[in-house]
Structures are given as C-alpha cells and as structure tokens.
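Just so you know, all these numbers are worked out from the coordinates, no wet-lab data involved. Computed from a prediction, not measured in an experiment: that's the story for all the values here. Glycine also receives a Cβ, built like all others from the backbone with ideal geometry; neighbour counts cover every protein chain displayed.
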Amino acid sequence: MNGGDIAVRIEDVAKVYRLGVREQSSDNLAGVLWNFIRSPVSNFRKYRSLYNFSDLELGAEGEVAGRQEQDNILWALRGVSFSVKVGEVVGIIGGNGAGKSTLLKILSRITPPTRGAVDIHGRVSSLLEVGTGFHPELTGRENVFLNGTILGMRHKEVAQKFDEIVAFSEVEKFLDTPVKRYSSGMRVRLAFAVAAHLEPEVLIVDEVLAVGDAAFQQKCMNKMQDVGREGRTVLFVSHNMPAVTTLCDRVVWLKQGHKVAEGPAQDIVGEYLLAGAVTASHREWRDPATAPSGEFARLRAARIVSERGELIEHCDIRERIGIQMEFEVLKDGEVMLPHFMVKNDTGVVAFVTLDHDPGWYQKPRPAGRYVSTAWIPGNMLNEGPYFVDCSLLTRHPDVVQFDEPETISFAVTGSMEEGTARGDWPGRLAGVVSPALEWSTEYSRD
C-alpha cells in the first residue's frame, strides 16, 4: 500500500487533560484577605496550566513520569494508531469514556493532540453534535451556505446541492426561519443533510443515529450507505452495533483511551459484546479431579461451534450455531439427560433445551465419552451476549450429576439486512428472541 491509498493516518495520538482541583480555603481573616489579593495571579497561572503540558514527561504508554500530580491528569487517548484507506467505512466503538468523541474532535481539528500526528487527505465534513456549526440567529437557508463555506465549498457548489439538502432535511417550510426556533429534530435533519450532501472526501459522524425518529434514522442509514458506495471515506462512531456491522468494513475498538483491537466489523463487534463476560466460548477440564461430576457422569468440555465444527466466540444473527457438551459416563446402565440453559446478559432465561436425540433418549448408556450438540437456528436469538449453563442428570430417579452455571458464553451480532427480523429497521428490536417469521397479507378493495 502506498501513501496515496491512505485517506486518514493516525500515529501514536495521545490527548491529555488537566483536571481542576479543589482549593484549600483559609480559616482566618488574614488568609482570606491574602487569597483575595493574589487571586488574579493564581487564576492566570491556573488557566495557563490547564492547556500547558510542557512540564510533563510523557512515557511511551501514556504515563506521567517523575511527577506527583497524576491525580489531576486525565488521558483521554493513549498512543492510538491506525489508518483508513480511501473509500473505506470504518467504525469506532467503545463504552462511554473510551475516547471516541475526543478522537473525532482531533480529526476534525477542533482540538489538537497532546502527542502524535494526524494526516488527512481530502476535504473533511464533520457531524459531531446536533446542529454543529449552525448560527442560531441565521436562517436555515443561510446556515446551509455558511456550513458549505466552512467546509471549503464555493457558493456555486452549495447552490447545486441546495435542493437535495432541503428535500432530505424536510424543513423547506421553515427554511427562512432562524435556526434558534428549530426543534432539535429539525436542526439535526438539516445538519446531517448539509454534512452528507456537500461531497467531502472524508465524512466524520458521531452518533447521528441516536437522534430523530425511526424514519429519519433509516434515511440517515440509507444516505451513509450511498456515501460509502460512492467511494468516500467515512469514520462512524455509534453504540448501535447493528448499524456498525451493516455500514462498516472495519472497526476500531477503544477502551479507556487505548486501542484494544481493530479488524473486520463482525469479529470486533462480537469481541466487544463479549468483553464484559467472565467466561469464554470454550472450556475444558483436563484434570478429571477438578471437573464437575457426580457418581455416574463427569463434564469434560463445553464449547460453541459453527456448522463446520469450528470453535467460535460470536456469530451473525442469521448463522446456525451449536452448543456442545463433552461428558464422560463413568458407569454402565444409567439413562442420561444432558441439557443447556441459555441466558442473556441480564440473567433472563432465553430457553432451556433437553437432549432428545432419538439414538439415546431414555436409553441406558454404557461407560465412555459422549459429545452432545444442540443446534440453535439462525434468526432466533436477538443481538447481544449469552451465557450457557451445562447440566446433566440421571433419570428414574432424577439425580443431578453436574450443573455448571455460566460454563461458556457467546455473542450474537446483528445487521440491518434482508433476511433478518429487523430488516432495514434502524432501532434494536426488544426481547430475547428475534425470529424472522413468515408473514402473509391478503388485500381486497372492499
């Protein structure tokens, strides 16, 4: 890859903020008077210190070396590096406080990095907040041309796109009204329309799908897909994981200012959804003495597998996956009933499945190793992380041999595509399950 293939290059970017600290107040009159006299000088020094980090010795991992003031230092970003190809749509994900918005503000040149370099090739358009760059006293029409000018567009170029912008925003009736009288929904419609239609080479969008009604959110999704298909570069921040997996080719995951991982959208989103889980998708007990067991059976392994039998941690909502239990029967002659309980991340039970394999159902089993797999069809579970309890009991009478809570976990990643329950609906569907049911409609004019 040569330099001309890169639209955005981020190298070792770090951003530091100095937090305010509470002043010590005096408990006598002389101290109060002295603080009053010296306050102009101390306030000026305090203001300068908030933006001056030349006195800090920055370590390679974003540590402050040789200082005793670390409590008032906040690292919003620490050594973040990645690049974005021309025409690539890249998602940036992470929890609150991960540094996503700070990174976009650096890319948009709203704030400079404390350390590192950012190179952007091409004209940049940013939509970071509702009505970014709008002047409240100007009308919608005037703000469209003002924003175009800020983005480096000529008046003629904005005029050519003006009708498309207005049609998309659906605020034509209020176009000559000052923006300060717009509702938040009207402002975001117009702001997104301007940002998306003025054909920047690089489009930076932060949580635009979190505002507006469902119809507008879908309109934004469609427009962003069009922008991607036109070969423009997009950096997209969102907590809407189905939107991320639908729009983005690649995802960068940030956590507490660090880059945790980057890679294909489905893979990284799956890892992100599982990040809070304390269990993995594969677990094995090599030492029989430590394995969950009873008198007649012992659990040896549990895993999540694809249809090809490969170990997986996450899957697309449309994929069929298997929950697999490997167990050992210690004595001949007992009827066994392996079963799984699948729960979501709030502890709600999605379903319980019992082993009804006709080859062994209600039949005594000889001693030996067994592998039982329960297959979950595609378009059944909703998006998110899930935890599996592995259990087995002997029948007649029913005696639990092992019952291992949250033995393994996996994640289901969604997408806004045909063939899913969601279809092109931009919001998350409620519920534990998300089946793509068959629908039929009858119509008559009567």
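Charge tally for Asn96 (other residues, Cβ to Cβ under 12 Å; Lys, Arg +1; Asp, Glu -1): +1.
Coupling constants for region 170-179 follow from the phi torsions by the Karplus curve (6.51 cos²θ - 1.76 cosθ + 1.60, θ = phi - 60°), and in residue order they are 6, 10, 4, 4, 10, 4, 9, 9, x, 4 Hz; glycine and proline get x. Principal axis extents of the C-alpha atoms in region 88-157 (largest first, rounded to whole Å): 36, 27, 25.
Counted over region 282-413, the DSSP beta bridges are approximately 95% antiparallel. You can think of it this way: the chain between Arg123 and Ala367 has 80.8 nm of extra reach, that is 0.36 nm per residue less the Cα-Cα gap. Among beta bridges identified by DSSP and lying wholly in region 97-256, the antiparallel ones come to about 10 percent. Does region 184-323 come out rounded, prolate or oblate by the C-alpha gyration tensor, with a ≥ b ≥ c the root eigenvalues, rounded set by a/c under 1.5 and, if not, prolate when a/b is larger than b/c and oblate if not? Since a/c reaches 1.5 and a/b is larger than b/c, the shape of region 184-323 is classed as prolate. Note on region 127-199: Rg/Rh from C-alpha atoms, Kirkwood Rh, equals 0.91. Assuming charge only on the beta carbon of Lys and Arg (+1) and of Asp and Glu (-1), the dipole of region 367-446 about its Cα centre is about 180 debye to the nearest 20. For the residue pairs Lys219/Lys255; Lys161/Lys223; Lys85/Lys255; Lys15/Lys105; Lys85/Lys161; Lys105/Lys259, alpha carbon separations beyond 19 Å are given by Lys219/Lys255; Lys85/Lys255; Lys85/Lys161. Distances between placed amide hydrogens fall under 5 Å for Asn382 paired with Val433, Ser434, all partners being 5 or more residues away or on another chain. Beyond 27 Å, the tail of the calculated P(r) for region 297-446 holds 33 percent of the Cα pairs.
Taking 35 Å as R0, compute the FRET efficiency from the Cβ-Cβ separation of Thr177 and Asn96 and round it to 0.05.
Working: r = 35 Å, r/R0 = 0.99.
Computed FRET efficiency for Thr177 and Asn96 comes out at 0.50.
One decimal place: the segment Leu354-Lys156 gains 64.4 nm when fully extended, by the rule 0.36 nm per residue minus the C-alpha distance.
Expressed in units of 2.2 N^0.38 Å, where N is the residue count, the Cα radius of gyration of region 390-446 is 2.02. Here the peptides 146-155, 282-291, 336-345 are ranked by packing, the mean other Cβ count within 10 Å, and the order with the highest first is 336-345, 146-155, 282-291. For Glu319, nonlocal amide neighbours, meaning residues 5 or more places apart or on other chains whose placed amide H falls under 5 Å from its own, are Asn379.
Take the Cα pairs of region 81-217, get the Kirkwood Rh, then feed it into Stokes-Einstein at 20 °C and 1.002 mPa s and tell me D in µm²/s.
Working: Rh = 15.9 Å.
The estimated diffusion coefficient comes to 135 µm²/s.
In order along region 371-379, the Karplus-derived 3J(HN,Hα) couplings, from 6.51 cos²θ - 1.76 cosθ + 1.60 at θ = phi - 60°, round to 10, 10, 10, 9, 9, 9, x, x, 6 Hz, and Gly and Pro are given as x. Between amide H atoms placed 1.01 Å from N, distances below 5 Å from Gly263 occur with Val251, all of them 5 or more places distant or on a separate chain. Here the Karplus relation 6.51 cos²θ - 1.76 cosθ + 1.60, evaluated at θ = phi - 60°, turns the backbone of region 280-296 into coupling constants of 10, 7, 9, 9, 9, 10, 6, 8, x, 5, 9, 6, x, 7, x, 5, 10 Hz, with x for every Gly and Pro.
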